[in-house]
Amino acid sequence: MEELARLAGITVRTLRFYRERKLIPPPRREGRIAWYDDHHLARLRTISALLERGHTLNGIAELAEAFDNGRDVADLLGLGAPTEETPVSLTPEDLADLFGPDATPENLAASMDLGYLGTDGEQIVHISRSLLDASSALVQEGIPLSAVLAAGKRVRDHADALAEIFSDVILTHAPEADPTRMRPLAQRVVEAELSLALDRRMRQDT
(Lines give C-alpha, C1' and ligand atoms only; values in the text may rest on other atoms or scores of the structure.)
Protein backbone atom coordinates (compact mmCIF):
# COMPACT_ATOMS: atom_id res chain seq x y z
CA MET A 1 0.00 0.00 0.00
CA GLU A 2 2.85 2.38 0.81
CA GLU A 3 4.39 1.85 -2.63
CA LEU A 4 1.07 2.45 -4.41
CA ALA A 5 0.50 5.66 -2.44
CA ARG A 6 4.02 6.87 -3.27
CA LEU A 7 3.59 6.21 -6.99
CA ALA A 8 0.21 7.98 -6.99
CA GLY A 9 1.60 10.98 -5.11
CA ILE A 10 -0.80 10.66 -2.18
CA THR A 11 -0.55 9.65 1.46
CA VAL A 12 -1.36 6.18 2.77
CA ARG A 13 -4.12 7.78 4.82
CA THR A 14 -5.66 9.24 1.66
CA LEU A 15 -5.39 5.88 -0.08
CA ARG A 16 -7.20 4.19 2.80
CA PHE A 17 -9.89 6.88 2.65
CA TYR A 18 -10.38 6.32 -1.10
CA ARG A 19 -10.63 2.58 -0.51
CA GLU A 20 -13.22 3.08 2.25
CA ARG A 21 -15.23 5.33 -0.09
CA LYS A 22 -14.96 2.61 -2.77
CA LEU A 23 -13.28 5.00 -5.17
CA ILE A 24 -10.88 2.21 -6.11
CA PRO A 25 -11.66 -1.49 -6.48
CA PRO A 26 -10.52 -3.82 -3.70
CA PRO A 27 -7.06 -5.36 -4.04
CA ARG A 28 -6.45 -8.99 -4.90
CA ARG A 29 -5.78 -10.89 -1.69
CA GLU A 30 -3.55 -13.85 -1.01
CA GLY A 31 -3.98 -14.71 2.64
CA ARG A 32 -3.29 -11.53 4.57
CA ILE A 33 -1.41 -9.89 1.69
CA ALA A 34 -3.22 -7.31 -0.48
CA TRP A 35 -1.94 -6.90 -4.04
CA TYR A 36 -2.49 -3.67 -5.99
CA ASP A 37 -1.69 -3.36 -9.69
CA ASP A 38 -1.38 -0.80 -12.49
CA HIS A 39 -5.16 -0.47 -12.75
CA HIS A 40 -5.35 0.77 -9.16
CA LEU A 41 -2.57 3.26 -9.89
CA ALA A 42 -4.32 4.50 -13.04
CA ARG A 43 -7.57 4.95 -11.08
CA LEU A 44 -5.78 6.94 -8.37
CA ARG A 45 -4.15 9.23 -10.92
CA THR A 46 -7.49 9.78 -12.61
CA ILE A 47 -9.09 10.64 -9.26
CA SER A 48 -6.37 13.23 -8.61
CA ALA A 49 -6.85 14.76 -12.06
CA LEU A 50 -10.63 14.92 -11.62
CA LEU A 51 -10.28 16.58 -8.21
CA GLU A 52 -7.96 19.19 -9.73
CA ARG A 53 -10.64 19.91 -12.34
CA GLY A 54 -13.22 20.63 -9.65
CA HIS A 55 -15.02 17.29 -9.41
CA THR A 56 -16.34 16.34 -5.99
CA LEU A 57 -15.53 13.08 -4.26
CA ASN A 58 -19.23 12.22 -4.32
CA GLY A 59 -19.32 12.66 -8.09
CA ILE A 60 -16.16 10.62 -8.55
CA ALA A 61 -17.55 7.92 -6.24
CA GLU A 62 -20.70 7.70 -8.36
CA LEU A 63 -18.59 7.38 -11.50
CA ALA A 64 -16.40 4.72 -9.88
CA GLU A 65 -19.47 2.78 -8.72
CA ALA A 66 -20.88 2.84 -12.24
CA PHE A 67 -17.62 1.54 -13.68
CA ASP A 68 -17.08 -1.16 -11.06
CA ASN A 69 -20.67 -2.42 -11.14
CA GLY A 70 -20.59 -2.76 -14.90
CA ARG A 71 -23.41 -0.31 -15.62
CA ASP A 72 -23.82 0.51 -19.29
CA VAL A 73 -21.10 3.00 -20.17
CA ALA A 74 -23.11 4.22 -23.15
CA ASP A 75 -25.90 5.30 -20.80
CA LEU A 76 -23.39 6.85 -18.42
CA LEU A 77 -21.98 8.95 -21.25
CA GLY A 78 -25.36 10.03 -22.56
CA LEU A 79 -25.64 7.53 -25.38
CA GLY A 80 -28.85 5.89 -24.28
CA ALA A 81 -30.67 7.49 -27.22
CA PRO A 82 -30.17 6.30 -30.82
CA THR A 83 -26.93 7.50 -32.37
CA GLU A 84 -24.97 7.08 -35.58
CA GLU A 85 -21.68 7.13 -33.67
CA THR A 86 -19.83 3.91 -32.91
CA PRO A 87 -18.30 3.55 -29.41
CA VAL A 88 -14.80 2.05 -29.28
CA SER A 89 -13.34 -0.10 -26.50
CA LEU A 90 -9.69 0.65 -25.76
CA THR A 91 -6.93 -0.49 -23.44
CA PRO A 92 -4.44 1.88 -21.79
CA GLU A 93 -1.90 0.52 -24.27
CA ASP A 94 -4.19 1.53 -27.16
CA LEU A 95 -4.37 5.07 -25.81
CA ALA A 96 -0.59 5.19 -25.52
CA ASP A 97 -0.26 4.02 -29.13
CA LEU A 98 -2.78 6.61 -30.34
CA PHE A 99 -1.67 9.62 -28.30
CA GLY A 100 1.84 8.83 -27.04
CA PRO A 101 2.97 11.08 -24.17
CA ASP A 102 -0.29 13.05 -24.47
CA ALA A 103 -2.17 10.11 -22.92
CA THR A 104 -1.93 11.68 -19.46
CA PRO A 105 -4.34 11.53 -16.50
CA GLU A 106 -5.06 15.23 -17.04
CA ASN A 107 -6.13 14.69 -20.64
CA LEU A 108 -8.09 11.61 -19.58
CA ALA A 109 -9.95 13.75 -17.05
CA ALA A 110 -10.63 16.40 -19.70
CA SER A 111 -11.95 13.72 -22.06
CA MET A 112 -14.24 12.44 -19.32
CA ASP A 113 -15.44 15.99 -18.69
CA LEU A 114 -16.43 16.23 -22.35
CA GLY A 115 -18.12 12.84 -22.22
CA TYR A 116 -15.70 11.40 -24.78
CA LEU A 117 -14.34 8.71 -22.47
CA GLY A 118 -15.62 6.35 -19.83
CA THR A 119 -14.34 3.09 -18.41
CA ASP A 120 -15.91 -0.32 -18.17
CA GLY A 121 -13.93 -2.51 -15.81
CA GLU A 122 -10.40 -2.53 -17.19
CA GLN A 123 -11.47 -1.15 -20.57
CA ILE A 124 -11.73 2.45 -21.67
CA VAL A 125 -14.64 3.35 -23.95
CA HIS A 126 -14.61 6.25 -26.42
CA ILE A 127 -18.06 7.35 -27.55
CA SER A 128 -17.16 7.90 -31.21
CA ARG A 129 -14.80 6.15 -33.61
CA SER A 130 -14.88 9.23 -35.87
CA LEU A 131 -13.88 11.60 -33.06
CA LEU A 132 -11.19 9.21 -31.84
CA ASP A 133 -9.62 8.86 -35.29
CA ALA A 134 -9.74 12.61 -35.93
CA SER A 135 -8.25 13.42 -32.52
CA SER A 136 -5.43 10.93 -33.01
CA ALA A 137 -4.67 12.29 -36.50
CA LEU A 138 -4.53 15.88 -35.18
CA VAL A 139 -2.12 14.84 -32.41
CA GLN A 140 0.06 13.06 -34.96
CA GLU A 141 0.18 16.34 -36.91
CA GLY A 142 1.76 17.97 -33.87
CA ILE A 143 -1.27 19.51 -32.14
CA PRO A 144 -1.29 18.81 -28.38
CA LEU A 145 -4.18 16.66 -27.23
CA SER A 146 -5.06 19.30 -24.64
CA ALA A 147 -5.57 21.81 -27.48
CA VAL A 148 -7.63 19.28 -29.46
CA LEU A 149 -9.88 18.71 -26.44
CA ALA A 150 -10.23 22.45 -25.81
CA ALA A 151 -11.25 22.92 -29.44
CA GLY A 152 -13.65 20.00 -29.10
CA LYS A 153 -15.37 21.74 -26.21
CA ARG A 154 -15.85 24.89 -28.30
CA VAL A 155 -17.11 22.86 -31.26
CA ARG A 156 -19.55 21.05 -28.94
CA ASP A 157 -21.15 24.38 -27.98
CA HIS A 158 -21.58 25.38 -31.64
CA ALA A 159 -22.80 21.90 -32.61
CA ASP A 160 -25.48 22.03 -29.92
CA ALA A 161 -26.61 25.40 -31.28
CA LEU A 162 -26.74 24.03 -34.85
CA ALA A 163 -28.73 21.00 -33.71
CA GLU A 164 -31.20 23.31 -32.00
CA ILE A 165 -31.59 25.40 -35.17
CA PHE A 166 -32.41 22.38 -37.32
CA SER A 167 -34.67 20.85 -34.69
CA ASP A 168 -36.66 24.09 -34.51
CA VAL A 169 -36.92 24.33 -38.31
CA ILE A 170 -38.08 20.73 -38.68
CA LEU A 171 -40.55 20.86 -35.78
CA THR A 172 -41.98 24.14 -37.07
CA HIS A 173 -42.28 23.32 -40.76
CA ALA A 174 -42.22 19.52 -41.03
CA PRO A 175 -43.30 18.07 -37.68
CA GLU A 176 -44.44 14.80 -39.28
CA ALA A 177 -41.19 14.24 -41.18
CA ASP A 178 -39.15 11.10 -40.53
CA PRO A 179 -36.16 12.14 -38.35
CA THR A 180 -33.96 9.44 -39.89
CA ARG A 181 -34.54 11.08 -43.29
CA MET A 182 -34.12 14.66 -42.10
CA ARG A 183 -30.96 14.10 -40.08
CA PRO A 184 -28.59 13.43 -43.01
CA LEU A 185 -30.00 16.48 -44.82
CA ALA A 186 -29.13 18.67 -41.84
CA GLN A 187 -25.67 17.10 -41.68
CA ARG A 188 -25.07 17.83 -45.37
CA VAL A 189 -25.91 21.51 -44.85
CA VAL A 190 -23.52 21.76 -41.89
CA GLU A 191 -20.73 19.92 -43.73
CA ALA A 192 -21.09 22.16 -46.79
CA GLU A 193 -21.16 25.35 -44.73
CA LEU A 194 -18.10 24.24 -42.74
CA SER A 195 -16.25 23.43 -45.97
CA LEU A 196 -17.06 26.88 -47.37
CA ALA A 197 -16.05 28.54 -44.09
CA LEU A 198 -12.70 26.73 -44.15
CA ASP A 199 -12.19 27.88 -47.75
CA ARG A 200 -12.79 31.48 -46.70
CA ARG A 201 -10.46 31.18 -43.71
CA MET A 202 -7.68 29.60 -45.77
CA ARG A 203 -7.90 32.44 -48.30
CA GLN A 204 -7.62 34.97 -45.47
CA ASP A 205 -4.57 33.23 -44.01
CA THR A 206 -2.65 33.09 -47.32
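The values are calculated or read from the model by the stated rules, or taken from the named source; none is laboratory data. Everything numeric here is computed off the predicted structure, so don't read it as measured data. Cβ: placed from backbone, ideal geometry, glycine included. Neighbour counts: every protein chain shown.
With respect to the conditions (1) of a type in the set (V, I, T); (2) in contact (Cβ under 8 Å) with a residue 40 or more places away in the chain; (3) touching a helix residue (DSSP H, G or I) at 6+ places or on another chain (Cβ under 7 Å); (4) within 17 Å of E85 (Cα to Cα), I127 falls short on a single one, namely (3). Scanning the stretch 169-183 for residues that are under 30 Å from the mean Cα position of the chain (by Cα) and exposed (fewer than 10 other Cβ atoms within 10 Å of the Cβ) turns up T180, R181.
Consider the stretch 50-71 and keep the residues that are over 15 Å from I24 (Cβ atoms) and in a helix (DSSP H, G or I). The one that is modelled with the highest pLDDT is N58. Among the residues making up the stretch 1-35, those that are assigned to a loop (DSSP other than H, G, I, E, B) and at pLDDT below 85 are M1, R21, K22, L23, I24, P25, P26, P27, G31, R32. If you go through the stretch 155-164 one residue at a time, do you hit one that is under 27 Å from L51 (Cβ atoms), out of contact with any strand residue (DSSP E or B) (no Cβ under 7 Å at 6 or more places or on another chain) and in contact (Cβ under 8 Å) with a residue 24 or more places away in the chain? The answer is yes, given that some residue of the stretch 155-164 is under 27 Å from L51 (Cβ atoms), out of contact with any strand residue (DSSP E or B) (no Cβ under 7 Å at 6 or more places or on another chain) and in contact (Cβ under 8 Å) with a residue 24 or more places away in the chain. What number of residues within the stretch 2-14 satisfy the criterion of being closer than 18 Å to H55 by Cβ and out of contact with any Lys or Arg (no Cβ under 7 Å at 6 or more places or on another chain)? Number satisfying all stated conditions: 3.
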